[in-house]
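Here's the structure we're looking at; comments come further down.
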Amino acid sequence: MRRIISVLSFTFLSVFIHLVQAAPLPVVASFSILGDVTKQIGGDRIQVSTLIGADQDTHMYQLLSKDLRQMRSAKLILLNGYGLESLSLQRAAEQSHVPVIYAVQGIQPQVLNDGNHKHDHQHKYDPHVWNDPVLMHTYARNIANALIKIDPAGKAYYQSRLANYEQRLNQLHQWAAKAFAAIPASKRKVLTGHDAFGYMAKRYQITFIAPQGVSADAEPSARQVASIINQIRNQNIKAVFVENIKNPKMIQRISKETGIKISGQLYSDALSKGAPAATYLDMFRSNVSALSAAMK
């Protein structure tokens, strides 16, 4: 009888320890794309809260008291970096006494030399690194290393999920390269709402034109809009897109004045709430499919 009680006690203790260990670690990510990549690597060992959700614009975000509470109770805070997040959000994260990691660390940024546009938060670098899946290897590794640091017991788990995710990034890049290579370079020209696709442009030799700079709330002048309309006509640009985070009025106006039909919607700074861009991999695939179809 004593032996049965001893075995039961040991079993109960083992289950209790497992339950304690299995409680997911609270992690805060600044915006939806970063939140998704973190979930893909962290799996069941973490619980991710995203401050700026799907279909929401990081440039329009206002820091809330509930966000401050979330950050203070987290084990890790993940920011994108390169000026994507507002200074108030960066300061709040740094003052939370919780480890803060910038996912772009180690990624060579593109320098913004677009002097015509007002850049929100005084952007010096282009923060939209996720539009190049090759650069996302470093992004994902930074996240994995940060998770390992706060949860060393999960090292093998995180490394395994990272390896799987990197394999999927490789497949995504190869597929995208093939899709764009099938389109003559002279046709790889696109009009979008704001300048979010610089890294994709460089990786796949595409020309992106945007009435707004990197900041999605910077209004272009009448002269800039007229210049873009002339450029569309002169270069015979057929691919014209609105964005999920942007008011479409400016693109609709340009479309009307040029007589070129809007090709569809791109997902630039945020995932969609459901299909077709509910994850980063889905988002990139959706964008490439839409772009390649419109440019043909």
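The values are calculated or read from the model by the stated rules, or taken from the named source; none is laboratory data. Quick caveat: nothing in here was measured; it's all calculated off a predicted structure. A quick note on method: Cβ atoms are made from the backbone with ideal geometry, for glycine too, and the neighbour counts reach across all protein chains shown.
Numbers at a glance
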quantity	calculated
Matching residues in segment 190-204 - criterion: being assigned to a helix (DSSP H, G or I) and of a type outside the set (Gly, Ala, Ser)	Tyr199, Met200, Lys202, Arg203, Tyr204
Single condition Gln205 does not satisfy, out of (1) assigned by TED's automatic domain parsing to the domain that holds Lys261; (2) surrounded by 14 or more Cβ atoms within 10 Å (Cβ to Cβ); (3) not hydrophobic (A, V, I, L, M, F, W, C)	(2)
Hits in segment 130-188 (condition: within 17 Å of the chain's Cα centre (by Cα), acidic (Asp, Glu) and not in a helix (DSSP H, G or I))	Asp132
Some residue of segment 189-203 being over 28 Å from Ser86 (Cβ atoms) and out of contact with any strand residue (DSSP E or B) (no Cβ under 6 Å at 6 or more places or on another chain)	no
Residue match in segment 26-38 (condition: of a type outside the set (Val, Ile, Thr), within 23 Å of His97 (Cα to Cα), surrounded by fewer than 22 Cβ atoms within 10 Å (Cβ to Cβ) and free of Cβ contacts under 8 Å to residues at least 40 places away in the same chain)	no
Which listed residue, of Ile232, Ile262, is over 22 Å from His59 (Cα atoms), touching a Leu at 6+ places or on another chain (Cβ under 9 Å) and not assigned by TED's automatic domain parsing to the domain that holds Met60	Ile232
Verdict on Leu84 being in contact with a Phe, Trp or Tyr (Cβ under 8 Å, 6 or more places away or on another chain), of a type outside the set (Asp, Glu) and assigned to a strand (DSSP E or B)	no
Residues being in a helix (DSSP H, G or I) and modelled with pLDDT under 95 - total across segment 103-129	3
Filter result (farther than 15 Å from Phe208 by Cβ, among the charged types (D, E, K, R) and either in a loop (DSSP other than H, G, I, E, B) or modelled with pLDDT of 95 or more (or both)) within segment 241-296	Lys261, Lys273, Asp282, Arg285, Lys296
